[in-house]
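Here the structure comes first, spelled out in structure tokens, and everything after it is commentary.
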Amino acid sequence: MSISKPSIIEKLTGILGPKGCLSEAADVAPYINEFRGRRSGDAVAVALPASAEEAAAAIKAATSEGLPVFPQGGNTGLCYGTVPAKGLVVGLRRMRGIREVDVDSGLMTVDAGITLTEVHEAAAKAGMQFPLYLGSEGTAQIGGLISTNAGGTGVLRYGPMRDLVAGVELVLADGRILNDLQGLRKNNTGYNLTQLVAGSEGTLGVVTGAVLKLSPQMQSRAHAWIACESAEHALEAGTRVRMAFGNLVEALELLDHAQVSYVVKHVPGNRMPLSELPAWSLMIEIASPRRETELTSQLEAVLAQAMEDGFIADAVVAQNETQAKEIWHFRHSVTEVNKINGIGVVMDTSVRPSAIPGFIKDADAVVARDFPQAERAITAHMADGNVHYIVMFPHEVWSAIADKEARELDVERAIHNVAAAHGGTFSAEHGIGRKLTEEMTRLIDPVRLDLMQRVKAAFDPENLMNPGVLLPPR
Ligand SMILES: Cc1cc2nc3c(=O)[nH]c(=O)nc-3n(C[C@H](O)[C@H](O)[C@H](O)COP(=O)(O)OP(=O)(O)OC[C@H]3O[C@@H](n4cnc5c(N)ncnc54)[C@H](O)[C@@H]3O)c2cc1C
């Protein structure tokens with residue numbers, strides 16, 4: 001009697017139960033399509049483990065047959081890092097638990113499939129905050145946020161995800177589990193593997209758990225929206241705010257005229273705080289963990305002086321929570337609105353804050369020369385130098401372009417070159433994914449690239465973890 005070998009789907013169903021293994025086309029579809037519909041891939045099945053041990057067994061079952069593994073969180077990434085290529089997708093949505101909240105240590109240990117919003121809620125319940133804030137927070141998962149080293153609007157004060165994670169649990173390609181969840185502030189026992197995993201985009205393993213650093217909740221806040229005539233003026237105004245408030249500055253978000261006009265045009269209820277659309281807008285938030293009664297008036301005083309000195313054309317300081325919420329709602333509408341407005345080729349460039357005006361000026365000259373049918377829009381996390389330089393094509397112009405991928409690449413390369421000329425880089429917070437691997441070859445120091453490829457080989461010698469993402473083939 002011959003016993004036939006069980007298929008990988010049967011094996012996975014045995015490990016994960018029927019709820020934990022999806023293989024019907026309709027069930028798999030959400031996991032193989034990029035969320036904006038720009039790319040799609042292919043998968044043999046989707047594994048949805050309920051624990052690190054289940055994830056390890058499923059991953060081992062796949063890799064022992066040479067099947068690549070494609071980790072997926074909330075699928076909100078912007079660089080096609082979740083688009084699978086005929087392998088096993090590992091999704092974490094059944095792993096959403098909070099393992100521990102340790103207020104005395106300022107730490108929370110979670111399953112990696114928990115969303116950022118759920119973490120915010122749990123931290124608030126404990127009287128703390130987890131200070132990572134971005135537009136996709138309702139869907140993006142902790143595992144994805146660690147793997148992309150996500151940034152957002154609070155990086156100036158709290159750092160990107162890399163600074164907010166104190167440990168990870170990682171399932172390796174061979175099914176072993178790295179447990180780095182001690183959450184020790186001081187630990188000099190060699191390399192910091194958690195820091196290697198942050199920003200590794202699923203190429204070193206699947207993050208199944210994490211220790212997160214919590215901060216005290218803020219007790220008082222002040223918000224302002226200021227109008228400036230130039231990016232130079234906005235930079236000067238931002239510097240004055242930083243000098244006056246030090247590490248109380250939560251956010252300095254820069255938007256240009258075009259970006260603000262898209263929000264006004266496409267979100268009718270979205271009130272623009274100033275009566276006229278300014279050339280440049282800077283959104284400012286100051287926050288203190290103490291109950292301060294003077295924060296708003298102190299901010300008003302700093303802005304009044306900058307106005308008197310000619311750096312600010314107009315300003316609104318929020319007088320209540322509703323006005324503050326309106327300012328943030330406006331800022332967080334940007335990504336959705338841009339999708340309606342046209343096809344935006346969005347660059348995630350990073351330069352020193354002092355280089356922002358020069359970078360934008362030079363990039364504008366390139367767009368005017370090489371892509372005259374497009375409009376430029378800017379959304380920048382100004383104080384950390386992260387400029388989302390957007391080359392916006394009207395829908396009708398874009399649909400007439402024969403080779404869209406080639407055009408997108410042309411635009412990206414042109415702007416990345418300008419960033420490099422200003423001492424900057426082409427990925428600040430979104431990562432590399434499948435989108436920018438060629439730029440890694442073109443623009444990254446070869447020694448750095450070689451070392452990264454060796455690190456990858458140490459974790460994943462058969463190249464079965466998210467192959468094709470982050471690193472170009474050797
Ligand atoms: C409206 C909107 C606003 C955004 N704003 C910002 C912003 O301000 N700042 C910012 O940085 N990003 C932003 N993003 C991008 C995106 O939300 C982040 O990159 C986020 O970190 C992705 O998390 P995710 O769970 O959706 O990961 P996914 O998109 O599912 O995956 C992203 C990458 O991480 C890997 N990955 C996912 N989960 C795991 C895991 N458990 N283990 C190992 N690898 C894993 C994937 O393989 C992939 O390579 C925004 C996106 C949207 C749609």
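The values are calculated or read from the model by the stated rules, or taken from the named source; none is laboratory data. As the structure is a computational prediction, the values presented were derived from the model and not from experiment. Cβ placement follows ideal geometry from the backbone for every residue including glycine, while neighbour counts extend to all protein chains displayed.
In summary, Leu170 fulfils each of the numbered conditions (1) surrounded by fewer than 18 Cβ atoms within 10 Å (Cβ to Cβ); (2) within 13 Å of the ligand (Cβ to nearest atom); (3) not β-branched (Val, Ile, Thr) with the single exception of condition (1).
Screening Asn463 on (1) outside any helix (DSSP H, G or I); (2) away from the ligand (no atom under 16 Å from the Cβ) shows it passes everything except condition (2). Based on what the data block shows, is Glu34 within 19 Å of Ser147 (Cβ to Cβ), of a type in the set (Asp, Glu) and either more than 9 Å from the ligand (Cβ to nearest atom) or not assigned by TED's automatic domain parsing to the domain that holds Asp174 (or both)? When the stated conditions are applied, Glu34 passes them. Taken over the stretch 355-382, residues that are under 22 Å from the mean Cα position of the chain (by Cα), more than 16 Å from the ligand (Cβ to nearest atom) and among the β-branched types (Val, Ile, Thr) amount to 2.
Assess whether Ser136 counts as being touching an Asp or Glu at 6+ places or on another chain (Cβ under 6 Å) and within 12 Å of the ligand (Cβ to nearest atom). First the steps, then the outcome.
Details: touching an Asp or Glu at 6+ places or on another chain (Cβ under 6 Å): no; within 12 Å of the ligand (Cβ to nearest atom): yes.
Judged against the criteria, Ser136 is not a match.
Identify, from the list His233, His223, the residue that is away from the ligand (no atom under 16 Å from the Cβ) and either out of contact with any helix residue (DSSP H, G or I) (no Cβ under 6 Å at 6 or more places or on another chain) or of a type in the set (Phe, Trp, Tyr) (or both). Just one listed residue meets the conditions, His233. If you go through the stretch 271-296 and pick out every residue that is part of a helix (DSSP H, G or I) and more than 8 Å from Arg221 (Cα to Cα), you end up with 0. The set of residues from the stretch 155-190 being free of Cβ contacts under 8 Å to residues at least 60 places away in the same chain and of a type in the set (Asp, Glu) comprises Asp163, Asp180. For the stretch 56-87, taking the residues that are in a loop (DSSP other than H, G, I, E, B) and among the polar types (S, T, N, Q), the one that is farthest from the ligand (Cβ to nearest atom) is identified as Ser64.
Scan the stretch 44-67 residue by residue and report those that are more than 18 Å from Ile177 (Cβ to Cβ), buried (at least 23 other Cβ atoms within 10 Å of the Cβ) and not β-branched (Val, Ile, Thr).
Quick first cut of the stretch 44-67, residues more than 18 Å from Ile177 (Cβ to Cβ) only: 44-46, 65-67.
If we keep only those that are buried (at least 23 other Cβ atoms within 10 Å of the Cβ) too, we end up with 45-46.
Hit for the stretch 44-67 is Ala45, nothing else.
Show the residue pairs meeting these rules: Cβ distance below 6 Å; 6+ apart or different chains; first residue within the stretch 191-215 and away from the ligand (no atom under 13 Å from the Cβ); second residue polar (S, T, N, Q). Here the result reads Val211/Thr109; Ser215/Gln129, each pair linking the stretch 191-215 to a residue that is polar (S, T, N, Q). Among the residues making up the stretch 22-54, those that are part of a strand (DSSP E or B) and either acidic (Asp, Glu) or in contact with a Cys (Cβ under 9 Å, 6 or more places away or on another chain) (or both) are Asp42, Ala45, Val46, Ala47.
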